[in-house]
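The values are calculated or read from the model by the stated rules, or taken from the named source; none is laboratory data. No experiment lies behind these values; they were computed from the predicted model shown. Cβ sites come from the backbone with ideal geometry, for glycine too, and all protein chains shown count toward neighbours.
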Amino acid sequence: MTTPITAFKVAVPAEELEDLRRRLAATRWPDSQTCEGWDQGMPLAYTRELARYWLEDYDWARFETKLNAWPQFLTAIDGMDIHFIHRRSPHEHALPLIISHGWPDSVAGLQKVIDALADPTAHGGDARDAFHVVIPSLPGFGFSGKPATSGTTVEKIGATWGKLMARLGYPRYVAQGGDWGSMITHSMGLTEAGHCAGIHVNLPIVKPDPDTMNALTAYERSALEAIDFYRDWDSGYSKIQSTRPQTLAYGLADSPVGQMAWIVEKFYSWTDCERDGISHPENVMSRDELLDNVMLYWLNNTAGSSARLYWESFGKAGFDPINIPVGCSMFPKEIFRASRRWAEKRYSKLVYWNELERGGHVPALELPATFVAEIRNCFRLLR
């Protein structure tokens, strides 16, 4: 029997939005940080201002309408409801593409690139670069179901995406991902190679090559310094989420400001948001875009279920060789960067490599035109 794929529309009840407003208005604020800037986390003054905007000016109906303009669906795979956007291209020979988001991202983080990927001629591009775009919400994220038992690892999600693409009638497709989406995409490059014709990632999962340590390039030294900084100063969230996600969830599920700050601080730390010597997430994305993403966590109460992916898979990446075509776009403010020679140790068919001058961990929001161009340039080689 064929498992159904059912149309889905976002329709948040008015009482849930009223509950959010009530909680925002009743926020119990902590005292201020004891240093300048973001060194102790999201500064109190900006947190209060963004919360005020959320309460008084943010319009959820705008984003709900935008989401519902794209075809969305639900389908059950191995007992788990999977929500996904499926934007088919008007161009007959479009290449199917599945894009996986990460944390603290969501399908909201891809809102600026969906239409350009699916219909390039409407956005100044070439019909030969068209994609049928599939963007699922990870299990435990957004409008997908929440795992009720352990075992939902990146490997299981990758296999689930393979089943999803088969269910959609795509025997040959390509895959893209960053953050957790990169790990899922790597997994697909191993287990779904019979149907996945190639992958593109903006966070390569590779090891620094020990044979290069005595002759590092400036780029490689910078990449190693970034890894050290992440480990020493920027990885506290991952230690908590990979060890005690349930304990964390009680605070974030009850406080919208807590959930907002937990997410927005990473959009400061991980984006290329410095302009004129001042770093701020609103230098690369709008308040609405920040809050659109936060809303998908808050409204679906996914603080705990999304964090549990860390408990399942963080620090457990494998490095088995990937033998299908791979493309990598290296953005300078990415958390983990690799050199081409490090990447070639794992990827036997590294068909595309580009080191960009700007951009960070969420390039689809920071530099959507660049992100689209990178995907087109990579997969043009596989059509």
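Being modelled with pLDDT of 95 or more and within 24 Å of the chain's Cα centre (by Cα) is the requirement here; does A25 meet it? Don't jump to the end; show me each part of the working.
Details: modelled with pLDDT of 95 or more: yes; within 24 Å of the chain's Cα centre (by Cα): no.
Here the answer is no, as A25 does not meet what is asked.
In the set P43, P4, which member is within 23 Å of A253 (Cα to Cα) and within 28 Å of the chain's Cα centre (by Cα)?
The unique qualifying residue is P43.
Condition (residue is part of a strand (DSSP E or B), touching a residue at least 24 places away in the same chain (Cβ under 8 Å), of a type in the set (G, A, S) and within 24 Å of R275 (Cβ to Cβ)) applied to segment 347-369: is it met by at least one residue?
no
Which residues, taken from segment 257-312, are charged (D, E, K, R) and touching a residue at least 12 places away in the same chain (Cβ under 8 Å)?
Once the filter is applied, which keeps residues that are charged (D, E, K, R) and touching a residue at least 12 places away in the same chain (Cβ under 8 Å), segment 257-312 yields E265, K266, D272, R287, D288, E289, D292, R308, E312.
Do we have any residue at all in segment 240-249 that's among the aliphatic types (A, V, I, L, M) and within 19 Å of the chain's Cα centre (by Cα)?
In the first step, residues of segment 240-249 are kept if they are among the aliphatic types (A, V, I, L, M); the result is 240, 248-249.
Adding the requirement that they be within 19 Å of the chain's Cα centre (by Cα) leaves none.
Taking every residue of segment 240-249 in turn, none turns out to be among the aliphatic types (A, V, I, L, M) and within 19 Å of the chain's Cα centre (by Cα).
Return the total of residues in segment 343-383 being in contact with a Phe, Trp or Tyr (Cβ under 9 Å, 6 or more places away or on another chain), more than 19 Å from A197 (Cα to Cα) and among the aliphatic types (A, V, I, L, M).
The number of residues fulfilling the criteria is 5.
Can you tell me which residue is surrounded by the fewest Cβ atoms within 10 Å (Cβ to Cβ) among those in segment 120-159 that are among the charged types (D, E, K, R) and either assigned to a helix (DSSP H, G or I) or out of contact with any helix residue (DSSP H, G or I) (no Cβ under 9 Å at 6 or more places or on another chain) (or both)?
Applying the filter and picking the extreme gives R128.
Results for (1) among the aliphatic types (A, V, I, L, M); (2) surrounded by 22 or more Cβ atoms within 10 Å (Cβ to Cβ), shown as yes or no for each residue.
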position	(1), (2)
G198	no, yes
V201	yes, yes
K207	no, no
A223	yes, no
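Testing R380 on (1) in contact with a Lys or Arg (Cβ under 8 Å, 6 or more places away or on another chain); (2) without any contact (Cβ under 8 Å) to a residue 40 or more places away in the chain; (3) assigned to a helix (DSSP H, G or I), one condition comes back false. Which one is that?
(2)
Listed residues L168, L164; which is of a type in the set (A, V, I, L, M) and surrounded by 20 or more Cβ atoms within 10 Å (Cβ to Cβ)?
Residue meeting the stated conditions: L164.
Scanning segment 313-328 for residues that are surrounded by fewer than 20 Cβ atoms within 10 Å (Cβ to Cβ) and modelled with pLDDT of 95 or more, which turns out nearest to E15 (Cα to Cα)? First the steps, then the outcome.
Taking segment 313-328 and keeping what is surrounded by fewer than 20 Cβ atoms within 10 Å (Cβ to Cβ), we get 314-321, 323.
This time we only want the ones that are modelled with pLDDT of 95 or more, so: 320-321, 323.
Numbers: D320: 49, P321: 50, N323: 51 Å.
Looking at residues that are surrounded by fewer than 20 Cβ atoms within 10 Å (Cβ to Cβ) and modelled with pLDDT of 95 or more, I get D320.
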